[in-house]
């Protein structure tokens with residue numbers, strides 16, 4: 001197969017949660033640029049509208065849906081509606097996520113100070129919504145006997161990470177095992193389930209604090225490459241996992257972290 005055809009997504013329908021900013025927007029752009037029709041799901045109406053308008057301005061095919069992913073019924077109904085409208089659903093990127101509050105190096109982030117409210121909110125968005133999105137997409141993909149599912153985990157889910165909070169690390173660790181569990185069930189249907197485990201990227205998670213010089217330096221000091229990644233550096237891996245080029249990959253959770261988990 002010619003190289004360009006390996007990454008051709010023309011005619012495919014993709015759903016991306018948390019699509020309007022950060023890693024979700026970068027992934028949305030690369031899927032759309034390679035021919036997919038992308039349904040953007042996001043809670044923030046303003047950034048969602050801006051992302052949709054940008055895609056339209058580039059001549060890409062897209063639609064947008066304002067959704068709170070922690071509302072399981074709304075998320076299910078939205079994904080079902082997209083699949084039914086187009087007659088198929090080919091790609092899901094379960095990206096929506098929030099930070100887990102203060103990191104465990106701080107007094108506020110110490111285990112005895114993690115509130116039920118914070119824990120439940122982070123788990124609802126990072127884990128439960130990821131499960132519901134995968135569950136909803138899998139229902140359609142099993143019938144089609146094909147599909148690609150990508151869950152955005154974190155290197156904090158691969159090993160302990162004092163730079164993050166308990167709820168975040170725990171929820172992302174669960175996403176790693178969700179990928180592995182789903183990959184076993186869905187493999188006979190040619191539905192491939194993989195994960196991406198980002199290290200520190202320059203996004204607005206945690207209110208954009210990673211952009212502050214002292215915070216950025218603290219994260220960069222943990223990375224062998226010595227810097228924080230730009231959001232577009234996730235594009236190649238996301239495209240690989242969404243395309244024919246990954247036809248023999250499932251159950252993998254791939255770090256994209258500048259070498260952090262290698263040390």
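What follows draws every value from the coordinates through simple rules; no lab data is involved. Worth saying up front: this structure is predicted, and the values here are computed from it rather than measured. Cβ atoms come from the backbone with ideal geometry, glycine included; neighbour counts cover every protein chain shown.
Here are the numbers for the structure shown:
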{"item": "Centre separation in Å (Cα based) which lies between region 188-263 and region 71-144", "result": "18"}
{"item": "Inter-site label distance for residue 189 and residue 177 at 7 Å from Cα along Cβ, in nm", "result": "2.3"}
{"item": "Among 22, 199, 57, residue whose mean-square fluctuation peaks in a GNM of the chain (springs only between Cα atoms under 10 Å)", "result": "57"}
{"item": "Highest average packing first - 64-71, 103-110, Cβ atoms within 10 Å", "result": "64-71, 103-110"}
{"item": "Cβ crowding within 10 Å averaged over residues, with 233-244, 80-91 ranked highest first", "result": "233-244, 80-91"}
{"item": "Residue among 189, 166, 52 with the largest mean-square fluctuation in a Gaussian network model of the chain, springs linking Cα atoms under 10 Å", "result": "189"}
{"item": "Gaussian network model of the chain, springs between alpha carbon atoms under 10 Å - residue of 183, 170, 74 with greatest fluctuation", "result": "74"}
{"item": "R0 of 35 Å, Cβ-Cβ distance residue 112-residue 63: FRET efficiency to nearest 0.05", "result": "0.15"}
{"item": "Length gained when the stretch residue 214-residue 76 is fully extended (0.36 nm per residue, less Cα-Cα span)", "result": "45.7 nm"}
